[in-house]
Structures are given as structure tokens and as C-alpha cells.
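**Q** Pasting in a structure now, in C-alpha cells, and then I'll have a few things to ask.
The values are calculated or read from the model by the stated rules, or taken from the named source; none is laboratory data. Just so it is clear, the structure is predicted and the values come from calculations on it, not from any experiment. Reconstructed Cβ throughout: ideal geometry from the backbone, glycine too, with neighbour counts over all protein chains shown.
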Amino acid sequence: MNYQRIVCSLSLILMIIGLSMFFPFLWSIYYGEIEAYAFLLCSGLVFLISLLGYKTTKLEGPFLNKEVFCIVTLAWLLASFFGSLPYLIAGTFTSPADAFFETMSGFTTTGASVLSDVEVLPKGILFWRSLTHWLGGMGIIVLFVALLSSLGTGGVQMFQAESPGGSIIKKLKPRISESAKILWVTYVILTIVETILLCLFGMPFFDALCHSFGSVATGGFSTKNASIGYYHSAAIEWVIIIFMFLSGANFALYYQGVRERSLRPWRRNSEFKLYAFFVVLAAVLLTYNLYPGGSTALGETIRQAVFQVVSIITTTGYASVNFDQWPFFAKTILLTLMFIGGCAGSTGGAIKVGRILVLLKQTIFELQRHLHPRAVFTLKVDERVLEQEKVMSILQFFYIYITLTIAGVIFMSFQGLDFVSAFTAIATTLGNVGPGLNKVGPALNFGFVSAAGKYCLSFFMLLGRLELYTVLVLFLPSFWRKG
């Protein structure tokens, strides 16, 4: 491996993180907070370290696969490490484990928190929490690729290693940097539109911006302890529902829709249709389960059901009510959605609807093969034949995902969590969802978890955000051998 290329790339990525810290500094100055010095100090420190690394190395030659995996994984780890410094310097946390957990949760758009009272936090800290969501939602590496057009094939490899669903590359522009720019422009437009709408419906600008960051990035950090439930506004909830749903779809569809000036890209996309079907089905089941005998009106029950379904399936994790108090059937539906997740190419996490679609089709094919052993079947998705190698890769992904979930539950149980808390803690961090059930429910937090447990859950967040392989490949002994 060429370590100069790795250090140079990481330095450029860290420059983005360092410069990003300047924005919460401005908010702190605006509100007259003494914590402003923490962001100014950290911004300067990270920028100087990255500048030193960039000036002493070179970014030349084609990237090897090993180098790409190293750069992407280390970039997220370093971003979370340096991103935790403002919390520690400002005194928000005294424990490095808490600061790292909160930062990793932000960048990976998980939204799980160790804080019990966010409303006492300075505005600069609140903005930094939300900004980490926004940077991590579309992806630090995707932003890096968009800004640096000279990466060539290395940019394509990095894009694929970080982005959920590499198929979006073929659907945009020939140059990967142009594709990355289109995705980020779409991302920014959605954020601006949602912020304006939330302001129009009565949410203060600062809160509107932070919640737009959280919903478009499908993150879930809120500026209020009661999350979206604080505002008691049906209009605000419906705006956030719409933008969470839109952000759970493949962002490439927006470019195609604008280019064709039609809704056909959505109508002919099997993954999006299955995604919408899951949302409607789950919302109907929850409404049916919650309304009979309930004290709330039917319209409010529907809104609560739809809000939580969209929030969980897109892995945003916002809450309008404490769903941990819902009936067991309703909680089971939400737990199932934690594993499904959003579409490939979205800012959502978990297994992804696209993989679920392939697994369903493959299951039907296997049943047909048993019925007609001599028949030849071809698996197609949107009229495109799916190679058997890709199908096997999805099956392997599913196997690893479930295996990691089991291993994580065992470890968290060893840390003293009951089964439901341990299971949902792993499901929600590996799926980048946010709240779980019982001790890690939407009205509680992860502050009680041991330091070892927090680092374990942080690792699972990283695994989920980078979709397993990019991180796990670094643990192969052959990865570090020469040649």
C-alpha cells in the first residue's frame, strides 16, 4: 500500500471536518456562548493537522482496493475522533467514550444519544450534533469526491465503498465527481425546502435547520428532549414525514425525474414501489392496532402511526410519541422495520429494501426450482438480469448482518442489559436507527451503558453505515500482506 496516498487523502477529508467546525462557532458567537472558543480551537487544530499531512505527502497514481478501504474506514474513525473534541473541550462530556459515541452516532446518522437533557446544551453544541448528521448523511467521502475531481477510478472506488448501493453511479454522469455533485445539490435543495416549510409552520429557524439536517440525513438528533413531539403540531409532523420518506428513497431517482420531467422513474422502480408498500402496510397495521379502545382521534392515530413507521423504516429515529408504551404488536412491527431500512442510494441504513426485494425474488425462485427442477429461471430487477454472483453477495450480506446481530446481543447481554434492550440496542445501532426499546427506548438514552458497551455500539454504527464489508475486510490477515 502507498501510505502517502492514504495520509494525503485522509488529510484532505479532515480539512472538511475542520472547516465544518467553523459553522457551530458562528452560532455560538451569535448567541454569545463561551463555548465558541472550543469550536475555534478545534477547527484550527484539525485544519492545521490536516494541512501538515497534506503538505508532507502526495496524491499520485491509481488507488489500490486496499488503500480505498483503509481511507474510507479511517476517515470515518478520524472524523468521529476529532469531531468529539468540541464536546470534551466545551465540557459537554467528561468521558471520551460518551463523546466518541455521540459523534459516531451523529456522523453515521444513527441518532442514538447518551444525553438525558439536550435542551440545556449551548446552541453551538446542538448545531454541531445536527451538522454531523448532515455531513454523514450523504457521506463525507461523497463530498470529498465531489470537491476533488482528479481522483479518477479511485473516486469511483471510494464512492462505492461508502455509498449504500453503488448502482446509482451508472445512472447519473460519466464522471464520478459530477455524480457526487448532483447528489449533494439534491441533498442541499431538500434541506433548504424543508427548512423553509418548517419555519412557515411555526418552528424557529434554528430548530428548523437542525431538524431538516436530521430528517434529510435520516439522522434523528433533535434540539428538544421530547423530539418532534415537543411542538404538538400536525403540520410540522407531516412536513417531517414527507421529507423523511423522500430521503429514504434512492437519490438518483430525483435526478432522473428532473431530467425526464416525469414521475416515471419512481413508478417503474421496483425497489421504490416495495418501499412505499412497506410504509403503507405497516402504517395500516399500526393504526388498526392502536385505534380500537384508544383515547386519541382516528386522524391523530393515523398521523402517529405514519410518523413512527416512516421514521423507523428510513432509520431516522425521530419520535412524536413514546412508542415504547405501545402494544407489543405495534413494537414488533417497528422492530421489523429497523431491519428493513430505506432504499439503496438513500441516506437510510439497515439491510435496505433493494436487498429485501432480491431476497424475496430469490426465495420464490428456489420454491419454483423445487417444483420444476429442470426449468431455467432468470432473476430480473426492473428488466435487468441480476447476475448470480450479485445474488450470492446479497445472501452473504444478510448472513453476516444476522451473525453480527447475534454476536452483538451476546456481548451487550454480558454488559448487563436485558434481552430486549440488548437486542434493540444492536438492531438500532447496526441499522443506524437511533432509539430502541426498554432501557434504550425513545424516552431514555444510552448513558447508562458501560464504556466498553458504548465503544462496541459505536463500532456497530460504523459497520452499519459502511455496510459491513468496507470495515470487516480490514480484519483479514491477508489484507495487510504485501502484494
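**Q** Restricting to the stretch 100-135, and then to whatever is outside any helix (DSSP H, G or I), hydrophobic (A, V, I, L, M, F, W, C) and in contact (Cβ under 8 Å) with a residue 40 or more places away in the chain, can you tell me which residue is farthest from ILE228 (Cα to Cα)?
**A** Just the residues of the stretch 100-135 that are outside any helix (DSSP H, G or I), to begin with: 108-117, 121-122.
The next check asks that each one be hydrophobic (A, V, I, L, M, F, W, C); those that pass are 112, 114-115, 121.
When the remaining residues are screened for being in contact (Cβ under 8 Å) with a residue 40 or more places away in the chain, the result is 112, 114-115.
Values: ALA112: 15, VAL114: 18, LEU115: 17 Å.
Result: VAL114.
**Q** Among the residues of the stretch 1-50, write down those that are surrounded by 15 or more Cβ atoms within 10 Å (Cβ to Cβ) and of a type in the set (Gly, Ala, Ser).
**A** Those that are surrounded by 15 or more Cβ atoms within 10 Å (Cβ to Cβ) and of a type in the set (Gly, Ala, Ser): SER9, SER11, GLY18, SER20, SER28, ALA36, ALA38, SER43, SER50.
**Q** Any idea which residue in the stretch 60-76 is surrounded by the fewest Cβ atoms within 10 Å (Cβ to Cβ), counting only those that are within 18 Å of SER50 (Cβ to Cβ) and of a type in the set (A, V, I, L, M)?
**A** LEU74
**Q** Moving to a separate point now. Could you please let me know if VAL433 is at pLDDT 90 or above and either in a loop (DSSP other than H, G, I, E, B) or closer than 27 Å to THR347 by Cβ (or both)? It would help to see each step written out before you state the result.
**A** Values: at pLDDT 90 or above: yes; either in a loop (DSSP other than H, G, I, E, B) or closer than 27 Å to THR347 by Cβ (or both): yes.
For VAL433, the condition - at pLDDT 90 or above and either in a loop (DSSP other than H, G, I, E, B) or closer than 27 Å to THR347 by Cβ (or both) - is met.
**Q** Quickly run through the stretch 51-69 and pick out the residues that are touching a Phe, Trp or Tyr at 6+ places or on another chain (Cβ under 9 Å) and not basic (Lys, Arg).
**A** Here is the first cut: in the stretch 51-69, the ones touching a Phe, Trp or Tyr at 6+ places or on another chain (Cβ under 9 Å) are 57, 66-67, 69.
Listed by number, the residues that qualify are THR57, GLU67, PHE69.
**Q** Same structure again: Taking the stretch 216-243, which residues are under 20 Å from the mean Cα position of the chain (by Cα) and hydroxyl-bearing (Ser, Thr, Tyr)?
**A** Correct list: THR218, SER222, THR223, SER227.
**Q** Moving on to the next point. Taking the stretch 436-483 on its own, how many of its residues are farther than 20 Å from PHE101 by Cα and part of a loop (DSSP other than H, G, I, E, B)?
**A** Of the residues in that region, 4 qualify.
**Q** I've got another one for you. May I ask you to verify whether LEU78 is assigned to a helix (DSSP H, G or I) and under 25 Å from the mean Cα position of the chain (by Cα)?
**A** yes
**Q** Check ARG261 against each of (1) within 30 Å of VAL358 (Cα to Cα); (2) surrounded by 14 or more Cβ atoms within 10 Å (Cβ to Cβ); (3) of a type outside the set (Ser, Thr, Tyr) and name the one condition it does not meet.
**A** Here ARG261 meets the rest and fails (2).
**Q** Here's a follow-up. Please name all residue pairs, on different chains or six or more residues apart, with Cβ atoms under 6 Å, provided the first residue is in the stretch 426-443 and is on the phi > 0 side of the Ramachandran plot and surrounded by fewer than 24 Cβ atoms within 10 Å (Cβ to Cβ) and the second residue is among the hydroxyl-bearing types (Ser, Thr, Tyr) and in a helix (DSSP H, G or I).
**A** ASN438/SER421
**Q** Mind telling me which of the residues SER80, SER84, SER43, SER50 ends up being without any contact (Cβ under 8 Å) to a residue 24 or more places away in the chain and under 23 Å from GLY137 (Cα atoms)? Full working, then the answer.
**A** Values: SER80 fails: without any contact (Cβ under 8 Å) to a residue 24 or more places away in the chain; SER43 fails: without any contact (Cβ under 8 Å) to a residue 24 or more places away in the chain; SER50 fails: without any contact (Cβ under 8 Å) to a residue 24 or more places away in the chain.
Every option except SER84 fails the conditions.
Here's the yes/no breakdown for (1) in contact with a strand residue (DSSP E or B) (Cβ under 7 Å, 6 or more places away or on another chain); (2) at negative phi; (3) crowded, with 21+ Cβ neighbours inside 10 Å; (4) among the β-branched types (Val, Ile, Thr):
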{"residue": "THR424", "(1), (2), (3), (4)": "no, yes, yes, yes"}
{"residue": "PHE448", "(1), (2), (3), (4)": "no, yes, no, no"}
{"residue": "ALA452", "(1), (2), (3), (4)": "no, yes, no, no"}
{"residue": "LEU466", "(1), (2), (3), (4)": "no, yes, yes, no"}
{"residue": "TYR469", "(1), (2), (3), (4)": "no, yes, no, no"}
{"residue": "PHE475", "(1), (2), (3), (4)": "no, yes, no, no"}
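**Q** What number goes with the only condition from (1) closer than 30 Å to TYR3 by Cα; (2) surrounded by fewer than 17 Cβ atoms within 10 Å (Cβ to Cβ) that LYS390 does not pass?
**A** Failed condition: (1).
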